[in-house]
Each structure stands twice: as C-alpha cells, then as structure tokens.
1. Give the residue that is farthest from GLU348 (Cα to Cα), with candidates limited to residues of segment 233-286 that are buried (at least 16 other Cβ atoms within 10 Å of the Cβ) and among the polar types (S, T, N, Q).
2. Sort through LYS302, LYS293, LYS344 and tell me the only one that's surrounded by fewer than 21 Cβ atoms within 10 Å (Cβ to Cβ) and within 27 Å of THR136 (Cβ to Cβ).
3. When segment 173-221 is examined, which residues are found to be of a type in the set (Val, Ile, Thr), over 22 Å from HIS231 (Cα atoms) and in contact with a Lys or Arg (Cβ under 7 Å, 6 or more places away or on another chain)?
4. With the structure loaded, tell me whether ILE295 is within 18 Å of ASN259 (Cβ to Cβ), in the same structural domain as GLN276 (by TED's automatic domain parsing) and among the hydrophobic types (A, V, I, L, M, F, W, C) or whether it fails that test.
5. In segment 235-247, what residues are touching a Ser or Thr at 6+ places or on another chain (Cβ under 9 Å) and in a strand (DSSP E or B)?
6. Restricting to segment 89-109, count the residues that are under 21 Å from LYS155 (Cα atoms) and of a type outside the set (S, T, N, Q).
7. Does ASN232 satisfy the condition of being outside any loop (DSSP other than H, G, I, E, B), assigned by TED's automatic domain parsing to the domain that holds MET148 and among the polar types (S, T, N, Q)?
8. Go through segment 175-192 and count every residue that is touching a Leu at 6+ places or on another chain (Cβ under 6 Å) and under 14 Å from LEU234 (Cβ atoms).
Amino acid sequence: MNSLNDKNFEYGLESAKVMARVMNKFNDKGCYKNNKSFMQAFTLKQGINKFGNIGIQAATDELKQLHERQVFKPIDMDELSNIEKKRAMESLIFLVEKKDQRIKARTCANGSIQRSYIGKDEAASPTASTEATLLTGVIEAKEERDIMTALLFYKKLRRDLEENGFTINPYDPCVANKTVQGTQQTVTWHVDDLKSSHIKKEVNDEFLKWLNKKYGNKKIGEVKAHRGKIHNYLGMVLDFTEQGVLQVQMKDYITTLINEFPREIGDNKKKYPWNQELFKVHETEKLIPKNEKEIFHTFVAKGLFLAKRARPDIMPSIAFLTTRVMKPTNGDWNKLINLLQFLKSTLEDVAYHWIIPA
C-alpha cells in the first residue's frame, strides 16, 4: 500500500484482488481505543396504530413518490393469464422511526413467489458489503476525500453510473470507480443509500448536480445530500475527523439495544464480553421458556448486526450464541446478559481503521 505521505490510493483489477482478501480479514484487524438504531419496522396497520396521522402521511408520501417516479405500470387484472395472476407479488409497506424521530415508509414486494421460476441472482438487488463500506472508508480517510451521502435506487443507478463512465468493481457490484481530474472517485451504495468520495470537493459538487438532473424534479423534490466529516451510513456513524483514520461507532444502536431488552440487566461492570464458560454447554441445564427464547434469538441477531459493523470485539461471544438460538438454556441466557453488560460498560468504545504502509 502507499506510504502515509502519498495521499493518492487508486486501485485497479489486480489491486482489487488483494483488497477482496483484505475485506475478509476486517473483523480480525479492527482496532479499538477507549477514547474518547437499530430501527424496528412496523406493518402498515401496526405503524398507523402507533404513529397515527404521521404514519398515514408517511405512507402517502411513499406511494406518491412511487407514482411520480412511474415505478409501477397499471395492468387490468382481466388481461392477465392464470399463470400471471399466480405470479403476482404482494406489495408491502412498512413504517420505521428514524433516529431523528421522522417516520419513514418503505415499500417492498413479497418475492417468495418468484423463487420457483426466477433465479436468485436475477431477482435480488445487490447491496454493498459491510467490508466494502469499511474498506472504501479507510481509503477515504487516508486520502482525506470530500464525502457525500444521498438516497437513490439500485438498478437504474447502476446503469446511469456506467453511462457516466464509472466501472463497477468486479468483486462488489455496489462499488464503482471513475478517474476524475487525475484521481479516483468512488461510489458505494446499499439499496437506496449512496456514498460518493473524491479528493476534490468540486467533483462531488458536480456529481450531486448530475444526480439531481437524473433523479430530482419539482414534484418529488431534489436529491438530498449530506456533506462533512461525520456521516450516518447504513446504521453506522462514519467519523473522518481524525486525519487518516476512519472511526466507526454505533453508540445509539447499543443504547437502544440495551434499553429495549425486556429484562433488567443490572449495572455490573464487565471487562470482557464472555467468561471461561463461553463454549461450554451443560446438557443438564433447563431450556428457557418460549417467550424468552424469542427474546434470546432477536437480541443475538441484533448483536450479530453490531459485531459485523462496529464491534468485532464481541464476535466470539456472538458466534457461539448464534449456535444456541434453537435450544437456548439458562446458561446461554446468562451469557447473553453478560454480553449486554459488557456493551453497556464499553459504550464509548470506537472502532479505529487506518492503512498501514507496506
């Protein structure tokens, strides 16, 4: 890799092979300094009962923008064959409360019907891997790039990016690069959440203009972008304030995780997310009740989401607990409590990532 004094860090096909291997090692290489939401989705009915008129307005806004963007083409049911009717997918709307207390509606389709006649690769919408997001973030920190985040859509975005001269990374279909003014611009996206970076701010300025020309209009509004050194992106806070370093933290997520755990975890200070009993399974221990089994499964899954992004230090504990979700015992429950106590004790821990010169 380049020296710390050389800010340019472009990569091509051969370098991408090396970087792909690096992605697989990220969980082992994350470094920590004690230095100093997740969002629950509600069905439309549940969301309206919880959020009232604000939920209704969010759902209305979602349907309006889908209509204005001509996402769907109306079809008369009488014109469909019996096979086409069977293959019709149910449209679902979910409501979530964002970190800033805004209520957001999201539309998706129940794609399970497609599985019998459409391949997974054709039906799926790729998303940027966590490793790709962190790896590009480290490069952005080293080069001190200007960074911009925005909201868009996948397939049309990819096609438009390629027409604009971007090359899709062969190892991650949601990472694209383009050489602009002699240096590399990198774009990553996850469903409709996009991140663009370049050393020169004016390159992102022009890119934002291009995005608005492609996707913004008076009816649905302009593409909104966030600029600066700190970005909320894909559930993580990406902090570029320290020169050459990417800091990743999910403090709000951890706080919500602890507050929403339906049992008291106490205030015991824990130095480690596990103890010497972690990998021991005592067959004589009683299984926990069904309601606590569901709680156990839910919070282990949420812990896995956290471990893969901002807290790889809890991965050994999470890795074991994921093997226990089918038949968790009282001992497994206590190990989950121990993990939550550790997270509560280490709330201020931040993951640090940087490039080490070869």
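The values are calculated or read from the model by the stated rules, or taken from the named source; none is laboratory data. Please read all numbers here as calculations on a predicted model, not as lab measurements. Positions of Cβ are generated from backbone atoms using ideal geometry, with glycine treated the same way; all protein chains shown enter the neighbour counts.
1. Looking at the filtered set, the residue picked out is THR256.
2. From the options LYS302, LYS293, LYS344, the qualifying one is LYS302.
3. Within segment 173-221, ILE220 is the sole residue that qualifies.
4. The answer is yes for ILE295.
5. Those that are touching a Ser or Thr at 6+ places or on another chain (Cβ under 9 Å) and in a strand (DSSP E or B): MET236, LEU238, GLN247.
6. Of the residues in that region, 8 qualify.
7. yes
8. 2
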